[in-house]
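See structure below.
The values are calculated or read from the model by the stated rules, or taken from the named source; none is laboratory data. As the structure is a computational prediction, the values presented were derived from the model and not from experiment. Counting neighbours? That spans all protein chains shown, and the Cβs are built from the backbone with ideal geometry, glycine included.
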Amino acid sequence: MVLLEFSMTPLGKGESVGKYVARSLEIIEQSGLEYRLNPMGTVLEGEWDEVFDVVKQCFERMRKDCPRISCIIKVDYRRGHKGRLTSKIASVEKRLKRKLKT
C-alpha cells in the first residue's frame, strides 16, 4: 500500500486558491480512496496506480483553466500494510501516551 501526500496549486490565480482545492477534493472523494486533508496538502492511501490516477485526474481538471501548475508529491510505500493513515499516528500517540492534534 502507498501513502501519497500531494499539494497541487495553480499559479497566477491570486492568493486564495481554495476553489481549486475544492475541485480536487471532489475528485478525491469520488475515488473512494481513504484520504486526509491537511492545511498544506492531501494524503491518499491506496495502491500505487490508484493514488497516482487520482493525482492525474486532479491535474487534468486543473489544467483546463490553469496554464501553470505547481505540484509536490511525496510517497511512502510499505508492502501489505493498510490503514496507515490512522495507524502511523496511533503508533506515535501510544509512545507519547497521549492524543496529538491531527
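Tabulated data for the structure shown
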| read-out | value |
| --- | --- |
| Residue ID - nearest to residue 27 (Cα to Cα), chosen from residues in the range 49-78 that are in contact (Cβ under 8 Å) with a residue 60 or more places away in the chain and basic (Lys, Arg) | 74 |
| Matching residues, the range 36-84, being closer than 24 Å to residue 100 by Cβ, at pLDDT below 95 and either surrounded by 16 or more Cβ atoms within 10 Å (Cβ to Cβ) or over 13 Å from the mean Cα position of the chain (by Cα) (or both) | 78, 81, 82, 83, 84 |
| Some residue of the range 61-70 being among the aliphatic types (A, V, I, L, M) and assigned to a helix (DSSP H, G or I) | yes |
| Subset of the range 77-95 (residues that are in contact with a helix residue (DSSP H, G or I) (Cβ under 8 Å, 6 or more places away or on another chain) and not in a loop (DSSP other than H, G, I, E, B)) | 77 |
| Sole exception among (1) assigned to a loop (DSSP other than H, G, I, E, B); (2) in contact (Cβ under 8 Å) with a residue 24 or more places away in the chain; (3) at negative phi for residue 15, by number | (2) |
| Condition met for residue 10 (more than 20 Å from residue 102 (Cα to Cα) and either surrounded by 17 or more Cβ atoms within 10 Å (Cβ to Cβ) or in contact (Cβ under 8 Å) with a residue 60 or more places away in the chain (or both)) | yes |
